[in-house]
Every structure is written in C-alpha cells, then in structure tokens.
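Have a look at the structure below, then the notes.
The values are calculated or read from the model by the stated rules, or taken from the named source; none is laboratory data. Predicted model only: the values in this text are computed from it and were never measured. Here Cβ is always computed from backbone atoms with ideal geometry, including for glycine, and neighbour counts include all displayed protein chains.
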Amino acid sequence: MTTPLLEMRNISKRYPGVTALHDVSFALHPGEVHALVGENGAGKSTLMKILAGAEARDGGEILLEGQPIAVHGPQDAMHLGINIIYQEFNLVPHLSAAENIYLGREPAARIPGFIDFRKLYRDAQAVMDSLGVKLDVRAEVSRLSIAQQQMVEIAKATSRNSKVIAMDEPSATLTDHELHNLFALIRSLRANGVGIIYISHRMEEIFEICDRVTVLRDGELVGTKPVAETSRDEIIRMMVGRTLGESIPKRPTAPGEVLLEVRNLTRRGVFHDISFTLRQGEIVGLGGLVGAGRTEVARAIFGADSLDGGDILVRGRAVRPRTPRDAIGLGIGLVPEDRKTLGLILNMVVRENTTLANLDALSHLGVIHRRREREVAERYVTDLHIRTPGIEQEVRNLSGGNQQKVVLAKWLFTQSSLLIFDEPTRGIDVGSKVEIYELMNDLVARGAAILMISSELPELLGMSDRVLVMHEGRLAGELSREHATQERVMHLATGGE
Ligand SMILES: Nc1ncnc2c1ncn2[C@@H]1O[C@H](COP(=O)(O)OP(=O)(O)OP(=O)(O)O)[C@@H](O)[C@H]1O
Ligand SMILES: [Mg+2]
C-alpha cells in the first residue's frame, strides 16, 4: 500500500458541552475524491477546520505525504498545499471577487507595493471562465448572490497550488449547471493527483463523483467504504443508525381561499411582471436557475426590498409591506436562503433566536414570560432535532445545518399563515429533511400557505401542488403537479418556449 497523501490520526476535539470529534482517523490518497458524510452536527466541518489550522485539536496527529505536520493557522495549511472551501464563506465583502480570489498573493505591479490590477482581473476572469461561470470579477463580493459567492470561494481554493482541497458542502448553493462545471473541475484536479475531500448531504453526488466515503456519527468514525461497494441505503444506515425511505412524504391538499395574490410585481432590472396566487392549504414551488430572480421576488413580498410597480394582496386586501416588520404584521414569514445575514443573530442563544420574531406571543404587559419562552425553544429543539448542548447555546457554535433548523424554528414560531421558504432544506441532512417536509405538510394542513423556492428538483416536484418557473426575472410558466417533470421545469428555467 502506498503512503496516503494525507492522514488524520485519532483526532479529538471538545467544545464546552460537546464532543465534536472523538478519535477519528481518516486517510486520503492522491487523485482520490473522498466523501465525508454524516448528520448535521456529526463533526464534518470541525474535522476540516482542524485540517486547515482554523481550529486547534485536542488530540491526534496529521501527516502529509507521510510526514507529521504542524498547522497552527490557515497560512500554514495553505503553504503546505492544503486549501479549504468553507461552508461559511470566508470572503471579504467589500473587496472585489478578483481581489478575494488572489488575496495575499496579488500580482505585483512594476512599482513596488502596488498591485497589477489588469493582470489580477485578467487572471481572475480566466479562473471564473474555466469554471464556466458568468461573473464580473470586478464586482464587490457583497453585491454577489450566494451562488456567485460560492463560486468565488471555489475559485479561490482551486486556483492555488493544492495537494489537498477540502470542499465543505460546495454544492449546497449551486444549481445543476454550476454543479456540472464543479464536477468537471474536480475530475481535472483528480487527474492531476490532487486529493479532494467532498462534504455533501446529497447522496447522488457521492455516487457521481466520489471514490470512497467516510461516515461520521456523533463525532465518531463509523467507517470508510469504496463507493462502488456500498449503496445509498447503507450509507444512510451508517449515518443515522436506521433505514430511511427514499420518498418525499407529500400529503394531498385541498386548496382554499386565496391568501396571497401578486400582480405585475416589478423591480427594475431584477424582475418584471410577476403575477401569481397562493391559496390556503397549498404548497407552491418556485423553480428556476440561480440568478433568475426568485429570492428577489420573495424579498420584495417580504418588504426587505422595494418595488417599482405591481400590487400585493393579502386575503384580497391591497397591502404594501415596506419593511419585514410590516410583512410579519401581515402574517408573512420568510425563511431566507442566507441564514448568516438574514436569518439569525449569531451571538444570541438558540432560545432568543427562536422567539425573537414573535416575542409578543410570550409577553404580557411588556414582560416576557420566561418559562413559556424556554418551553417553546425546548419544543423546537426536540421537534426539529436541533443538535445543541441546550437552548442557551450561542447560535454561532451550532453546525451549519443546525443553524438552518433554528431559522426554521424562528419562522414556525411566528405562526405566519403565509410562509415563503427559500431553499428550506439546504445543508440539512437526509433524515432531518423528511422531518422538515412533514412540518410543511402540517403547516398547510392547518391552513397556512407555502411558497417554496427550491433548486432541488426532486424536492420541488415532490412537495409542490403547483410549480412556477422563473427565467431571467420573468415568470416563464406554471405547471400543475401532474404535469411538472424535471424536463419541463428545466425547459422553462432555461428559456425554452
Ligand atoms: N465553536 C464551537 N463551540 C461549541 N460547539 C461547537 C463549535 N463548533 C462546532 N461545535 C459543535 O460541534 C459539533 C460538530 O459540528 P460540525 O460543525 O463539525 O458539524 P457538521 O458535521 O459540519 O454539521 P453540518 O452538516 O450541520 O454542517 C456540533 O455539535 C456543533 O454544535
Ligand atoms: Mg458543517
């Protein structure tokens, strides 16, 4: 057996109240794509942060090409050729995409101390082009969509000379087209002997691109298998300790009165003439490619962005929410795609984040009923299987998927009758996904209406009563549940007639 490219031996890591990793060993060969899977909070990101020197380990050792290495910080790891694409992006918001890609290694101009911006932009554009991404690399990162930021993060890591690249849920924000390009890139890196660690909650990706798979559960190693010698069911069993059905548990619904109607909604340069209705008891899917304007429509209905034209009617009454607070007052809730900036207050604890948007329900004469508040938070932690040492844990310390569940809890507790879910199961593990679908079923059965933006076609088709599809800022069509197929949705999403 040849020496592995990378070996992590007996790695352990404790946080107050949590054993994130216990005695985990992991090996990566040159030219191997190695999947790392496990439920939300299993320890995947922690293992990668230790590899990258972003977190200190409590025990264990790391060997690169057979030699023990000491990584005391991300710079050390980078110099050794270890690069990470972080689940929480690591970009500088007010710098351009190009500056982010080449941060710390900008091409020098002839005058010392100055950057050769022409070369910087040219090189960065070439990297983006090779990824097949249409993106102006001079644009400030804060102005890019989440998917575009993800591509910048990918470009940053893959444009370096790497021996090992770890990708922590790179696909969570990408649609098929970008994913396809990412896989092409992974294949070429693999052919050049780079070792790739690939974290994802999507089983089909593991079977498409990975050679071996390592499963973590509750911070412990369950096992490593060649992908060719295992199955989806086996991996899930290793992850969750039981078998799970493949199906999406959609329940039949009986749509009632129109809760929301939008007419000719327009935000110049972003979306145009968007009209649709949403009935009580209905789940309406909103499909389309990343950048088609779906999130922007949701934000405008929610009062987070202004409109240039059009009408919004809630239960037949014309309204114009100007802030999210207005929208919440009208019974509208938005579970945003970007939990980091829109959904949560990271330095507040789970309890506070859960009840924040609906403190009125817990207050009497301006005094918050603390015991009730704790009960509410405890209930959601149990119902949504939020993995945390307790409701008093700061949300920043939760794993990515568990943060997403807190965002959901927050909006469920507002008891809004009109819910907009923007990519509700992004980053959520397979077991918890089914629980979230069941929650959606419960919500509409109790009279709510859900508009669900989703880039995952099986979810979009599986959970929606009707599917609306957007293309370049316009509604390209509507498909009934019976008529909605992957082909038809993609046809509309890509501008087909
Ligand atoms: N800074 C921290 N302080 C306290 N606990 C932490 C910290 N970082 C991570 N944890 C805990 O360690 C455990 C493992 O978290 P990790 O982020 O590695 O999970 P993950 O497998 O990446 O999950 P996900 O699929 O949700 O991203 C979780 O219980 C998490 O709450
Ligand atoms: Mg993670």
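Within the range 195-220, restricting attention to residues that are surrounded by fewer than 21 Cβ atoms within 10 Å (Cβ to Cβ), over 19 Å from the mean Cα position of the chain (by Cα) and within 13 Å of ligand 1 (Cβ to nearest atom), which residue is modelled with the lowest pLDDT?
Taking the candidates together, the pick is Asp218.
Which ones in the range 259-300 are free of Cβ contacts under 8 Å to residues at least 40 places away in the same chain and among the aliphatic types (A, V, I, L, M)?
Ala300 - this is the single residue of the range 259-300 that is free of Cβ contacts under 8 Å to residues at least 40 places away in the same chain and among the aliphatic types (A, V, I, L, M).
With the structure loaded, tell me whether Asp233 is of a type in the set (D, E, K, R), farther than 27 Å from Ser416 by Cα and without any contact (Cβ under 8 Å) to a residue 40 or more places away in the chain or whether it fails that test.
Yes: the conditions hold for Asp233.
Does Val376 fit the bill of being hydrophobic (A, V, I, L, M, F, W, C), within 24 Å of Leu174 (Cβ to Cβ), assigned by TED's automatic domain parsing to the domain that holds Ile450 and more than 16 Å from ligand 1 (Cβ to nearest atom)?
Spelling it out, it is not the case that Val376 is hydrophobic (A, V, I, L, M, F, W, C), within 24 Å of Leu174 (Cβ to Cβ), assigned by TED's automatic domain parsing to the domain that holds Ile450 and more than 16 Å from ligand 1 (Cβ to nearest atom).
Whether any residue in the range 312-320 is free of Cβ contacts under 8 Å to residues at least 24 places away in the same chain and either touching a Leu at 6+ places or on another chain (Cβ under 8 Å) or β-branched (Val, Ile, Thr) (or both) is what I want to check.
Yes; the residues of the range 312-320 include at least one that is free of Cβ contacts under 8 Å to residues at least 24 places away in the same chain and either touching a Leu at 6+ places or on another chain (Cβ under 8 Å) or β-branched (Val, Ile, Thr) (or both).
Which condition breaks for Ser455 when tested against (1) more than 13 Å from Leu289 (Cα to Cα); (2) not in a helix (DSSP H, G or I)?
Just one mismatch for Ser455, condition (1).
Quick check: is even one residue across the range 360-373 outside the structural domain of Glu169 (by TED's automatic domain parsing), within 15 Å of ligand 1 (Cβ to nearest atom), farther than 28 Å from Ser171 by Cβ and surrounded by fewer than 15 Cβ atoms within 10 Å (Cβ to Cβ)?
no
Within the range 185-203, which residues are of a type outside the set (Ser, Thr, Tyr), under 20 Å from Lys163 (Cβ atoms) and part of a helix (DSSP H, G or I)?
Matches in the range 185-203: Leu185, Ile186, Arg187, Leu189, Arg190, Ala191.
For the subset of the range 1-56 comprising residues that are surrounded by fewer than 22 Cβ atoms within 10 Å (Cβ to Cβ), hydroxyl-bearing (Ser, Thr, Tyr) and within 19 Å of Asp218 (Cα to Cα), which member is farthest from ligand 1 (Cβ to nearest atom)?
Among those that are surrounded by fewer than 22 Cβ atoms within 10 Å (Cβ to Cβ), hydroxyl-bearing (Ser, Thr, Tyr) and within 19 Å of Asp218 (Cα to Cα), it is Ser25.
If His94 satisfies all but one of (1) part of a loop (DSSP other than H, G, I, E, B); (2) at pLDDT 90 or above; (3) at positive phi, what's the number of the condition it fails?
(3)
If you check Ser171 against the conditions, is it within 16 Å of ligand 1 (Cβ to nearest atom), part of a loop (DSSP other than H, G, I, E, B) and either assigned by TED's automatic domain parsing to the domain that holds Ile84 or touching a Phe, Trp or Tyr at 6+ places or on another chain (Cβ under 7 Å) (or both)?
yes
Only one residue in Val137, Val127 is part of a helix (DSSP H, G or I) and either surrounded by 14 or more Cβ atoms within 10 Å (Cβ to Cβ) or under 22 Å from the mean Cα position of the chain (by Cα) (or both). Which one?
Val127
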